[in-house]
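A.B. asks: Here you go, one structure.
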Amino acid sequence: MRRSRAAIIYEVLEVVVRNGGEVNPTQLSLEANLAYDRMMRLLEKLEERGLVEVVAEEGRKWVRITRKGRELYHHLRHVRRILSDFGISL
Amino acid sequence: MLPETLMLGSIVLAGAAAFLLLSYRFARIASLASSPRLALAAAGFSILGMAQLLSAASYYSSEARDAYMFYVGSTSFSMAGYVLILASASPSRGGGLYAVSPALLLPSAIDITAGLLAGVLAYVAGGVARAGFAVLAISHFLRAAPLLGGGLHLGSALPLLVLVGEVVRAVSASALALFYTKGVLGHEAE
């Protein structure tokens, strides 16, 4: 089944949280099951909204979740259960 | 005004506040997560909140004509809320069923339609929401008792059935809203 944009955002945030709040884009792309180019475009949007930050350290890129991103992740995780009771998925 | 009416009105107003708060929380998350489905559900809950407000207005109206207007309005808003929530439900859970609702509007009384929609929502939903919508469906059918029971010679029992239906609808809708609002607020307080 095709994932909605919100479901993809949730999964991306989940992967970052699962990896301790910081992950490299290649690993993120693999674990979130998302094409690298598509994921980088999504990360730009998430960065604009202050949910993640993409930083370069020693020639390598890292995706870090921000406080706002962590809050959204926890809200989404909780709301998903409530929505499921109403037959609604993200 | 009777104390029972005041008490029921207070319960209904608490339910309205809870639905509106739930809707606000969902709308905020929907905008951050770019979720049109969640936004649609938020709209549905806000309309259910407005239905509760109209319901309270019908209790507090001294004019029978105004009370009737608010009563019909509350059912119409409930129906619109159910349709929006149903429209936002996943197709795998029967979300597409809302498409049949316009066909039901034509031949049926408004409470029968609302009862059917609440019944479909009970089928689609799970957990406490399923029980809540099932009770709401029954309450709408009770409110439609004059039409449904017309041929059954129920006589003086009809007004009582309508009254019971209204009390059940008001309390169950508020309980449903309060339960899920408590869930959202409880999580945010953690």
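The values are calculated or read from the model by the stated rules, or taken from the named source; none is laboratory data. Treat the numbers as computed from the prediction; the structure is a model and nothing was measured. A quick note on method: Cβ atoms are made from the backbone with ideal geometry, for glycine too, and the neighbour counts reach across all protein chains shown.
A.B. asks: On the given criteria, is residue B:44 modelled with pLDDT of 85 or more, in contact with a helix residue (DSSP H, G or I) (Cβ under 8 Å, 6 or more places away or on another chain), within 21 Å of residue B:143 (Cα to Cα) and within 14 Å of another protein chain (Cβ to nearest Cβ)?
C.D. replies: No: the conditions fail for residue B:44.
A.B. asks: Among the residues of the range B:27-36, is there at least one that is touching a Ser or Thr at 6+ places or on another chain (Cβ under 6 Å) and without any contact (Cβ under 8 Å) to a residue 24 or more places away in the chain?
C.D. replies: No - not one qualifying residue is present in the range B:27-36.
A.B. asks: Shifting gears a bit: Of everything in the range B:14-26 that's among the aliphatic types (A, V, I, L, M) and surrounded by fewer than 18 Cβ atoms within 10 Å (Cβ to Cβ), which residue is nearest to residue B:82 (Cα to Cα)?
C.D. replies: B:17
A.B. asks: Looking only at the range B:157-188, which residues are within 14 Å of another protein chain (Cβ to nearest Cβ) and more than 20 Å from residue B:48 (Cα to Cα)?
C.D. replies: B:186, B:187, B:188
A.B. asks: Something else about it: In this structure, does residue B:65 turn out to be closer than 30 Å to residue A:46 by Cα and more than 15 Å from the chain's Cα centre (by Cα)?
C.D. replies: For residue B:65, the condition - closer than 30 Å to residue A:46 by Cα and more than 15 Å from the chain's Cα centre (by Cα) - is not met.
A.B. asks: Picking from B:105, B:116, B:84, which residue would you name as being out of contact with any Pro (no Cβ under 9 Å at 6 or more places or on another chain) and either modelled with pLDDT of 90 or more or among the small types (Gly, Ala, Ser) (or both)?
C.D. replies: Just a single option satisfies the conditions, and that option is B:116.
A.B. asks: Restricting to the range A:1-35, name every residue that is modelled with pLDDT of 90 or more and part of a loop (DSSP other than H, G, I, E, B).
C.D. replies: A:19, A:20, A:21, A:24, A:32, A:33, A:34, A:35
A.B. asks: Please identify the pairs in which a residue from the range A:61-90 that is on the phi > 0 side of the Ramachandran plot has its Cβ atom under 9 Å from the Cβ atom of a residue that is of a type in the set (Gly, Ala, Ser) and outside any helix (DSSP H, G or I), counting only partners at least 6 apart or on another chain.
C.D. replies: A:87/B:89; A:87/B:90; A:87/B:94; A:87/B:125; A:87/B:126
A.B. asks: Residue B:21: more than 9 Å from chain A (Cβ to nearest Cβ), at pLDDT 85 or above and closer than 20 Å to residue B:138 by Cα, yes or no? Working first, answer last.
C.D. replies: Working: more than 9 Å from chain A (Cβ to nearest Cβ): yes; at pLDDT 85 or above: yes; closer than 20 Å to residue B:138 by Cα: no.
No: the conditions fail for residue B:21.
A.B. asks: Which of (1) assigned to a helix (DSSP H, G or I); (2) out of contact with any helix residue (DSSP H, G or I) (no Cβ under 6 Å at 6 or more places or on another chain); (3) more than 16 Å from residue A:75 (Cβ to Cβ) does residue A:55 not meet, given it meets every other one?
C.D. replies: Going through the list (1) assigned to a helix (DSSP H, G or I); (2) out of contact with any helix residue (DSSP H, G or I) (no Cβ under 6 Å at 6 or more places or on another chain); (3) more than 16 Å from residue A:75 (Cβ to Cβ), residue A:55 breaks only (1).
A.B. asks: Within the range B:111-140, track down each residue that is surrounded by fewer than 21 Cβ atoms within 10 Å (Cβ to Cβ) and farther than 18 Å from residue B:178 by Cα.
C.D. replies: B:112, B:116, B:119, B:123, B:138, listed by residue number.
A.B. asks: Mind counting the residues in the range A:58-76 that are within 13 Å of residue B:30 (Cα to Cα) and either part of a strand (DSSP E or B) or at the interface with chain B (Cβ under 9 Å from one of its Cβ atoms) (or both)?
C.D. replies: 3
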